[in-house]
Amino acid sequence: MIEDIELETLINEVYEYYGFDFGSYSRASLKRRVNRIYQLDGFAYFYEFLSKIRYDPEYYKHVVDEITVNVTEMFRDPSFYSVVRNQILPLLGTKPFIRLWHAGCSTGEEVYSMAILLKEAGLLHKSLIYATDINAKVLETAKKGIFPLRMMKEYSENYRDSGGKEDFSNYYTANYGIAKFDEELAQKMVFSQHNLVSDNSFNEFDVIFCRNVLIYFDNDLQKRAINLFDESLSVLGFLALGTKETIKYSIAPGKYKQLDREKIWRKIR
Amino acid sequence: MEKDQIIPDFRVVIIGGSAGSLNALMQILPHLCAIKSFAIVIVLHRKSTDEQTLEELIALKTIINVKPVEDKVPFLPGFIYIAPSNYHLLFEKNSTLSLDTSEKINYSRPSIDVSFESAAEIYKNNLTGILLSGSNADGTEGLKAIKNEGGTIIVQDPKSADMPFMPNSAIQNTIPDYVLNIQEILQFILSIDN
Ligand SMILES: C[S@@+](CC[C@H](N)C(=O)[O-])C[C@H]1O[C@@H](n2cnc3c(N)ncnc32)[C@H](O)[C@@H]1O
């Protein structure tokens with residue numbers, strides 16, 4: 001187990017050597033993640049761990065990949081997707097062109113879920129879905145659109161609970177334990193690395209998803225990220241967060257209007 | 001350096017349980033009136049689908065205010081907090097709660113061990129951990145952590161538990177300060193404000 005003071009040392013060193021700032025990550029979760037790597041990689045002394053990170057850039061990358069929590073699902077929280085399907089897509093449908101951004105997309109399950117909704121609404125052809133994360137490794141997986149076959153039962157149930165009427169298995173090809181999703185779904189996706197701590201707005205969007213990413217940030221960094229989304233969202237655009245996240249602490253009331261009980265806000269001015 | 005942080009100074013009772021524990025809670029909560037000097041946190045294993053129902057059920061059974069847990073909510077004495085399904089519940093030094101979707105621990109998210117360990121680090125001897133009925137070993141490691149940090153650990157008497165596995169695991173692997181039946185657990189909590 002590492003001590004609080006050691007964690008702070010690590011944060012400072014990583015910033016000094018690599019320019020990445022974990023200083024605004026929620027400490028409780030960050031500490032668990034760092035302890036986990038420390039133990040998995042069999043370190044006995046903190047200074048060994050620290051100097052390995054300092055002098056071995058490959059190891060540093062591994063540490064960043066392991067610190068980030070990448071757990072995700074297709075159609076996670078079906079009621080959320082049902083609101084997207086029934087209330088948001090019809091409003092977007094009138095636009096000539098639809099831009100979406102998944103910030104913190106992890107291995108892409110959420111992005112493929114969205115592409116399926118767009119396809120079923122007949123909107124995929126005029127959409128462009130940007131999907132970003134800081135973790136390069138998960139982006140590689142996301143690009144391939146290959147997910148574990150054993151998850152498909154749960155995902156197809158989620159899909160059905162979200163109001164999906166098609167046969168979910170039509171969207172992928174099963175092969176030796178993996179499910180490869182249709183290339184057609186990926187055609188409108190653009191994957192790239194983007195860091196919510198330090199990178200800026202890069203486009204204007206009609207919908208921004210950032211689900212279960214802000215929980216890893218402290219209040220200040222949440223504010224920064226939400227302001228970045230605000231800058232990147234067109235008026236009347238939608239911001240969607242995870243079921244336990246809120247913009248309440250970050251943005252002036254009156255600028256956004258919440259949809260039902262879901263964590264979706266519409267920018268009204 | 002880490003931002004200025006005030007280490008919170010109030011007592012916390014954290015209650016963990018799995019199968020059969022809701023039953024026990026339902027015999028405890030209705031008898032608690034206002035709690036003043038401490039907060040109660042409840043971490044139960046639950047199906048990811050029964051979203052609101054646990055909060056609603058518990059709110060019906062108590063006159064204490066049940067605060068819905070969202071990420072970074074202020075954590076204060078006088079309230080009951082319930083770990084939401086599908087997230088681990090963690091404690092921050094600045095008296096807020098945070099959530100985490102990382103891997104399940106002991107096949108569970110929320111995991112009792114995760115919350116117990118996190119609370120132990122911050123609330124130390126101000127923390128009491130209570131482990132109720134259940135049929136899995138989650139909670140045992142967490143109780144150890146609470147004990148190590150100087151907190152008090154209480155295990156439901158397996159004879160009074162619908163599912164004795166979880167309390168038994170704790171009794172075999174830790175040295176509980178008390179092994180109590182449901183009535184005695186209630187008395188213990190009632191005595192905290194006095
Ligand atoms: C728990 S996953 C969420 C996945 C998906 N949005 C969902 O809700 O299922 C959190 C993701 O946030 C990413 N992340 C963490 N810090 C980030 C940062 N500073 N900038 C961009 N992404 C970040 C992680 O790499 C991880 O893939």
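The values are calculated or read from the model by the stated rules, or taken from the named source; none is laboratory data. Since the model is a prediction, treat every value here as computed from it, not as a measurement. Virtual Cβ from ideal backbone geometry, glycine too; neighbours counted across all protein chains shown. Accessible surface areas use protein heavy atoms only, side chains included; no ligands, DNA or RNA. Shrake-Rupley method; radii C 1.70, N 1.55, O 1.52, S 1.80 Å.
For A:Glu73, the criteria (1) within 14 Å of chain B (Cβ to nearest Cβ); (2) of a type in the set (Asp, Glu); (3) touching a Ser or Thr at 6+ places or on another chain (Cβ under 7 Å) hold in every case but one, which is (3).
Given the structure, is A:Leu128 more than 20 Å from A:Ile146 (Cβ to Cβ) and either open to solvent by less than 20 Å² (accessible area, probe 1.4 Å) or without any contact (Cβ under 8 Å) to a residue 12 or more places away in the chain (or both)? Against the criterion (more than 20 Å from A:Ile146 (Cβ to Cβ) and either open to solvent by less than 20 Å² (accessible area, probe 1.4 Å) or without any contact (Cβ under 8 Å) to a residue 12 or more places away in the chain (or both)), A:Leu128 does not qualify.
Just wondering, is there one or more residues in segment A:68-81 that are farther than 26 Å from A:Phe147 by Cα, of a type in the set (A, V, I, L, M) and open to solvent by less than 20 Å² (accessible area, probe 1.4 Å)? No, segment A:68-81 contains no residue that is farther than 26 Å from A:Phe147 by Cα, of a type in the set (A, V, I, L, M) and open to solvent by less than 20 Å² (accessible area, probe 1.4 Å). All of (1) touching an Asp or Glu at 6+ places or on another chain (Cβ under 9 Å); (2) open to solvent by 60 Å² or more (accessible area, probe 1.4 Å); (3) within 15 Å of the ligand (Cβ to nearest atom) hold for A:Asn170 with one exception: (3). Taken together, the residues in segment B:94-105 that are within 7 Å of chain A (Cβ to nearest Cβ) and either under 15 Å from A:Tyr249 (Cα atoms) or of a type outside the set (Asp, Glu) (or both) amount to 4.
Sub-6 Å Cβ pairs linking a first residue in segment B:69-89 that is on the phi > 0 side of the Ramachandran plot to a second residue that is assigned to a strand (DSSP E or B) and open to solvent by 10 Å² or more (accessible area, probe 1.4 Å), at least 6 apart or interchain, are B:Lys72/B:Thr96, ordered by first then second residue. Among the residues of segment A:203-232, the ones that are without any contact (Cβ under 8 Å) to a residue 40 or more places away in the chain, under 28 Å from A:Lys126 (Cβ atoms) and away from the ligand (no atom under 12 Å from the Cβ) come to 3 in all. Residues in segment B:148-183 that are touching an Asp or Glu at 6+ places or on another chain (Cβ under 8 Å) and either open to solvent by 40 Å² or more (accessible area, probe 1.4 Å) or at pLDDT below 95 (or both): B:Glu149, B:Tyr178, B:Val179, B:Asn181.
Annotation: of all residues in segment B:17-47 being part of a loop (DSSP other than H, G, I, E, B) and surrounded by 13 or more Cβ atoms within 10 Å (Cβ to Cβ), the one that is nearest to the other protein chains (Cβ to nearest Cβ) is B:Arg46. Among the residues of segment A:171-215, those that are over 11 Å from A:Trp101 (Cα atoms) and within 14 Å of chain B (Cβ to nearest Cβ) comprise A:Arg211, A:Asn212, A:Val213, A:Leu214, A:Ile215. The sole residue among A:Val207, A:Val111, A:Val190 that is open to solvent by 20 Å² or more (accessible area, probe 1.4 Å), closer than 27 Å to A:Tyr256 by Cβ and within 16 Å of the chain's Cα centre (by Cα) is A:Val190. Looking at segment A:65-124, the helices (runs of 4 or more DSSP H) lying wholly inside it that each contain 1 or more residues that are out of contact with any Lys or Arg (no Cβ under 9 Å at 6 or more places or on another chain), within 15 Å of the ligand (Cβ to nearest atom) and under 13 Å from A:Val138 (Cβ atoms) sit at A:109-120.
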